[in-house]
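The next block holds one structure in the form of structure tokens; read it before the comments.
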Amino acid sequence: TEIGIPETCKLLLTTREREVCREMRLSEENVFKVDLMKTNEARELFKREAGDQVDDGKFKEVVDRLLSKCGGLPLAIVATANALKDKPLPRWNKFAKDVEKPISIKNVPGDYRDMYSILNASYKFIESKEKKKFFLLACLSPLCSSASIENLMRYGIGLNLFQHVNNLCEAMEEANTWTSELLSSSMLLEGDAEGYFKIHDIIRAFGISLAAKGVWLYNNENPCFLIYK
């Protein structure tokens with residue numbers, strides 16, 4: 001009534017914290033738990049994203065390890081599968097070992113530790129330092145809204161991310177290439193229009209936690225620090 005929603009409408013809200021339901025004084029009959037994916041569903045989703053190599057007997061053991069770490073979370077499954085798609089078996093084994101290592105990021109909620117381990121492994125697999133910084137910069141984009149790749153490119157120029165370009169057109173081509181690669185690995189999401197992108201809130205929180213840890217860069221020739229809110 002206060003914000004103008006007609007009484008005939010029904011609202012569907014989602015939350016990862018049951019405490020939110022209690023604070024809103026919702027009756028139990030109006031709260032529905034969304035279960036994690038079952039093993040066969042998780043494997044099917046993983047195969048759909050990673051490709052038919054999942055059926056190769058050589059990959060079975062490492063796929064089982066990765067699916068166990070994903071814990072039935074669709075975001076974790078998709079991020080893992082896309083990070084490894086078309087990669088050779090040694091790369092899969094290296095990724096699995098990275099995922100199974102304890103993460104050093106502090107203050108990670110217990111429910112998210114496996115997800116952060118997967119994202120941390122995906123982050124390590126980003127080829128260049130510049131692209132890693134580009135991803136961290138993207139994590140400062142507004143939550144739940146599309147962000148401009150061009151603006152991200154301009155901020156990147158200010159932070160000296162584009163080392164081998166001669167003009168704005170070349171920098172924009174590099175920014176589009178990096179964005180496309182981050183989209184293909186599910187680290188970024190498609191925006192509402194061409195030239196824009198979005199980022200999942202968990203991935204954004206992960207990136208900011210990395211930045212807060214100090215992985216963004218200080219370098220003697222061009223010192224700079226990442227400031228975030």
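Could you list all residues from segment 149-162 that are part of a loop (DSSP other than H, G, I, E, B) and either in contact with a helix residue (DSSP H, G or I) (Cβ under 6 Å, 6 or more places away or on another chain) or closer than 19 Å to Ala205 by Cα (or both)? Steps first, please.
Taking segment 149-162 first, the residues part of a loop (DSSP other than H, G, I, E, B) are 159-162.
Leu161, Phe162, listed by residue number.
Residues are listed down the side, and each one gets a yes or a no for (1) open to solvent by 60 Å² or more (accessible area, probe 1.4 Å); (2) in contact (Cβ under 8 Å) with a residue 12 or more places away in the chain; (3) within 21 Å of Ile202 (Cβ to Cβ); (4) among the β-branched types (Val, Ile, Thr):
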{"site": "Glu19", "(1), (2), (3), (4)": "yes, no, yes, no"}
{"site": "Arg22", "(1), (2), (3), (4)": "yes, no, no, no"}
{"site": "Arg25", "(1), (2), (3), (4)": "yes, no, no, no"}
{"site": "Glu29", "(1), (2), (3), (4)": "yes, no, no, no"}
{"site": "Asn40", "(1), (2), (3), (4)": "yes, no, no, no"}
{"site": "Gly51", "(1), (2), (3), (4)": "no, yes, no, no"}
{"site": "Lys58", "(1), (2), (3), (4)": "yes, yes, no, no"}
{"site": "Glu61", "(1), (2), (3), (4)": "yes, no, no, no"}
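Yes/no matrix, rows are residues, columns are (1) closer than 18 Å to Ala81 by Cα; (2) at pLDDT below 90; (3) of a type in the set (Val, Ile, Thr):
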position	(1), (2), (3)
Ser186	yes, yes, no
Lys198	no, no, no
Ser209	no, yes, no
Ala212	no, yes, no
Val215	no, yes, yes
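Starting from segment 164-175, keep only residues that are farther than 16 Å from Glu194 by Cα and in contact (Cβ under 8 Å) with a residue 40 or more places away in the chain, then list their pairs with residues that are part of a loop (DSSP other than H, G, I, E, B) and open to solvent by less than 100 Å² (accessible area, probe 1.4 Å) whose Cβ atoms are within a distance under 6 Å, requiring at least 6 positions of separation or different chains.
none
Just a yes or no: is a residue in segment 128-148 within 25 Å of Leu66 (Cβ to Cβ) and assigned to a loop (DSSP other than H, G, I, E, B)?
Yes - at least one qualifying residue is present in segment 128-148.
From (1) closer than 25 Å to Phe46 by Cβ; (2) of a type outside the set (Val, Ile, Thr); (3) open to solvent by 30 Å² or more (accessible area, probe 1.4 Å), pick out the condition that doesn't hold for Met115.
The one condition Met115 does not meet is (3).
In segment 163-187, what residues are over 13 Å from Ile126 (Cα atoms) and outside any helix (DSSP H, G or I)?
Within segment 163-187, Gln163, His164, Val165, Asn166, Asn167 meet the criteria.
The values are calculated or read from the model by the stated rules, or taken from the named source; none is laboratory data. Values in this document were obtained by computation on a predicted structure and should not be read as measured data. With ideal geometry, Cβ positions are generated from the backbone for all residues, glycine too; neighbour counts draw on all protein chains shown. Note: accessible area is taken over every heavy atom of the protein model, side chains too, but ligands, DNA and RNA are not part of it. Shrake-Rupley method; radii C 1.70, N 1.55, O 1.52, S 1.80 Å.
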